[in-house]
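Asker: First the structure, then my questions, so here it is.
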Amino acid sequence: MALVTSTEMFKKAYDGGYAIGAFNVNNMEIVQGITEACREEKAPVILQVSKGARAYANHTYLVKLVEAAVIECPEIPIVLHLDHGPDFETCKSCIDGGFTSVMIDASSKPFAENIEITKKVVEYAHDHGVVVEAELGTLAGIEDDVKVAAHAASYTRPEEVEEFVSKTGCDSLAIAIGTSHGAYKFTAAQCTRNEKGILVPPPLRFDVLEEVSRRLPGFPIVLHGSSSVPQNYVKMINDNGGKMPDAVGIPEEQLRHAAELSVCKINIDSDLRLAMTGTVRQFFNEHPDKFDPREYLKPARANIKELVRHKLVDVLGCAGKA
Ligand code: G3H
Ligand code: 13P
Ligand code: ZN
């Protein structure tokens with residue numbers, strides 16, 4: 001199967017009460033870990049590339065790695081998506097360069113300007129058979145080189161979504177309901193602690209999601225910043241020389257619930273980074289004499305694969321849907 005757009009995927013996900021996993025890719029081992037899990041679990045998948053990933057690995061290398069995954073996994077549909085496209089030029093470069101989906105993220109701009117930029121990207125993308133994700137509302141956390149403090153974040157205003165979608169023609173909409181980018185999604189002050197002393201974050205704003213869905217029936221909604229920050233990997237990092245106190249993510253039951261509603265795409269990046277870093281740190285601690293990258297990247301890739309399998313089966317609900 002060639003690369004596909006997310007149109008069909010989202011329709012099935014919406015109707016079926018599950019979400020597609022959108023995983024960020026930066027190198028070969030990450031692409032392999034994700035797609036091997038998706039292949040084995042027969043899950044459709046979105047592989048997404050950020051501006052930072054293109055700067056790190058180079059556009060062509062990433063496209064060719066994803067094309068290799070398409071050849072190796074012919075049974076599953078794969079989307080190649082630009083994550084957080086910062087401007088028209090970046091989106092155009094990805095549309096011209098083989099992507100099947102782009103995000104234009106003008107969410108930090110005033111409403112009218114967000115509409116104007118998004119509409120321009122949609123027109124170009126649709127002319128080239130590419131779909132567009134846009135964003136309304138501002139998430140906290142770090143994405144690429146942009147850092148948004150918790151107090152500067154703002155929930156999506158449901159009363160704006162119909163005008164935004166009808167004026168821009170976007171194909172899916174990322175909204176802010178309390179998720180956040182990175183491994184430190186909430187400050188300790190925003191959380192409570194459970195009996196084990198683990199931070200419990202404030203619940204997602206399902207009221208905002210439900211009101212958005214009521215106003216946009218059948219329309220695919222996207223959640224960014226949806227890593228759960230698995231505490232076993234935080235511990236693995238901290239037990240092996242790392243220092244990540246109080247890293248906390250979105251509880252998986254809440255993501256599962258969102259996937260049953262109108263959320264069709266759930267973005268996960270930080271969890272993969274934690275799995276990879278924890279595994280490599282532990283490997284070096286246990287084998288200080290080793291220096292062959294294949295020896296430490298192999299278990300890192302295997303742990304990414306198992307983490308993705310868990311997300312597909314237990315969180316997203318998209319296993320068996322390819
Ligand atoms: O939302 C941002 C993604 O996690 C990508 O992160 O800009 O470090 O590649 P990055
Ligand atoms: P996390 O940092 O929660 O993994 O979010 C990733 C993301 O939203 C990519 O766009
Ligand atoms: Zn994001």
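Asker: Conditions: (1) of a type in the set (K, R); (2) without any contact (Cβ under 8 Å) to a residue 24 or more places away in the chain; (3) within 16 Å of ligand 3 (Cβ to nearest atom). K51 meets all but one. Number of the miss?
Answerer: Condition (2) is where K51 drops out.
Asker: Could you give every pair whose Cβ atoms fall below 9 Å, whose first residue belongs to the stretch 296-322 and is at negative phi, and whose second residue is outside any helix (DSSP H, G or I) and among the aromatic types (F, W, Y), counting only separations of at least 6 or pairs across chains?
Answerer: Note: pairs meeting the criteria are I304/F23; V308/F23; K311/F23; L316/Y18; C318/Y18; A319/Y18; K321/Y18.
Asker: Within the stretch 280-304, can you find the residues that are more than 16 Å from ligand 1 (Cβ to nearest atom) and buried (at least 18 other Cβ atoms within 10 Å of the Cβ)?
Answerer: Answer for the stretch 280-304, where residues must be more than 16 Å from ligand 1 (Cβ to nearest atom) and buried (at least 18 other Cβ atoms within 10 Å of the Cβ): V280, R281, Q282, F283, Y296, L297, A300, R301, N303.
Asker: Any residue at all in the stretch 205-223 that is open to solvent by less than 20 Å² (accessible area, probe 1.4 Å), at pLDDT 95 or above and either closer than 23 Å to N303 by Cβ or within 16 Å of ligand 1 (Cβ to nearest atom) (or both)?
Answerer: Yes, the stretch 205-223 has at least one match.
Asker: Name the strands (runs of 3 or more DSSP E) wholly within the stretch 1-102 that hold at least 1 residues that are in contact with a helix residue (DSSP H, G or I) (Cβ under 6 Å, 6 or more places away or on another chain) and of a type in the set (G, A, S)?
Answerer: The strands (runs of 3 or more DSSP E) meeting that bar are 20-24, 78-85.
Asker: Being open to solvent by less than 20 Å² (accessible area, probe 1.4 Å), of a type in the set (V, I, T), modelled with pLDDT of 95 or more and more than 16 Å from ligand 3 (Cβ to nearest atom) narrows it down to one of I250, I237, so name that one.
Answerer: I237
Asker: Turning to a different aspect of this structure: Just to check your reading of the model, which residue among S107, S166 is closer than 27 Å to A258 by Cα, under 21 Å from the mean Cα position of the chain (by Cα) and not in a strand (DSSP E or B)?
Answerer: S107
Asker: Quick one: is P158 buried (at least 20 other Cβ atoms within 10 Å of the Cβ) and within 24 Å of T100 (Cα to Cα)?
Answerer: Working: buried (at least 20 other Cβ atoms within 10 Å of the Cβ): yes; within 24 Å of T100 (Cα to Cα): no.
So P158 does not fit the description; no.
Asker: Output the residue which, of all residues in the stretch 236-269 that are assigned to a helix (DSSP H, G or I) and free of Cβ contacts under 8 Å to residues at least 12 places away in the same chain, is farthest from L139 (Cα to Cα).
Answerer: N238
Asker: A further question follows. List, please: which pairs have Cβ atoms under 7 Å, are six or more places apart or on different chains, and start with a residue in the stretch 83-102 that is within 18 Å of T7 (Cα to Cα) and end with one that is more than 16 Å from ligand 1 (Cβ to nearest atom) and open to solvent by 30 Å² or more (accessible area, probe 1.4 Å)?
Answerer: I95/Y124; I95/H128; T100/L3; T100/V4; T100/T5; S101/T5
Asker: Out of all the residues in the stretch 160-169, is one or more among the small types (G, A, S), in contact with a Ser or Thr (Cβ under 9 Å, 6 or more places away or on another chain) and closer than 30 Å to L3 by Cα?
Answerer: First pass over the stretch 160-169, keeping only residues among the small types (G, A, S): 166, 169.
If we keep only those that are in contact with a Ser or Thr (Cβ under 9 Å, 6 or more places away or on another chain) too, we end up with 169.
After this cut, where a residue has to be closer than 30 Å to L3 by Cα as well, the list is 169.
Yes, some residue in the stretch 160-169 is among the small types (G, A, S), in contact with a Ser or Thr (Cβ under 9 Å, 6 or more places away or on another chain) and closer than 30 Å to L3 by Cα.
Asker: Which of (1) touching a Ser or Thr at 6+ places or on another chain (Cβ under 6 Å); (2) within 16 Å of ligand 1 (Cβ to nearest atom) does T277 not meet, given it meets every other one?
Answerer: (1)
Asker: Within the stretch 183-193, identify whether any single residue is modelled with pLDDT of 95 or more and buried (at least 16 other Cβ atoms within 10 Å of the Cβ), and answer yes or no.
Answerer: The answer is yes, given that some residue of the stretch 183-193 is modelled with pLDDT of 95 or more and buried (at least 16 other Cβ atoms within 10 Å of the Cβ).
Asker: Filtering the stretch 133-153 down to residues that are more than 15 Å from the chain's Cα centre (by Cα) and modelled with pLDDT of 90 or more, which residue is nearest to ligand 3 (Cβ to nearest atom)?
Answerer: By that ranking, first place goes to G137.
Asker: Okay, moving on. Among the residues of the stretch 104-128, write down those that are within 16 Å of ligand 1 (Cβ to nearest atom) and either over 26 Å from A140 (Cα atoms) or open to solvent by 50 Å² or more (accessible area, probe 1.4 Å) (or both).
Answerer: The answer is S108, and nothing else.
Asker: Which residues, counting only those in the stretch 156-200, are of a type in the set (S, T, N, Q), over 17 Å from G141 (Cα atoms) and in contact (Cβ under 8 Å) with a residue 12 or more places away in the chain?
Answerer: Correct list: T168, S172.
Asker: If I ask for residues that are of a type outside the set (D, E) and more than 20 Å from the chain's Cα centre (by Cα), which ones from the stretch 62-101 would you list?
Answerer: Listed by number, the residues that qualify are K64, A68, I71, C73, P74, F88, K92, S93, G97.
Asker: Can D127 be described as charged (D, E, K, R) and away from ligand 2 (no atom under 16 Å from the Cβ)? Give the derivation first.
Answerer: On the way: charged (D, E, K, R): yes; away from ligand 2 (no atom under 16 Å from the Cβ): yes.
The answer is yes for D127.
The values are calculated or read from the model by the stated rules, or taken from the named source; none is laboratory data. These numbers come from a predicted model, not from an experiment. Because the Cβ atoms are built from the backbone with ideal geometry, glycine has one as well, and the counts that use them run over all protein chains shown. To get the accessible areas, we keep the full protein, side chains included, count just its heavy atoms, and leave off ligands, DNA and RNA. Shrake-Rupley method; radii C 1.70, N 1.55, O 1.52, S 1.80 Å.
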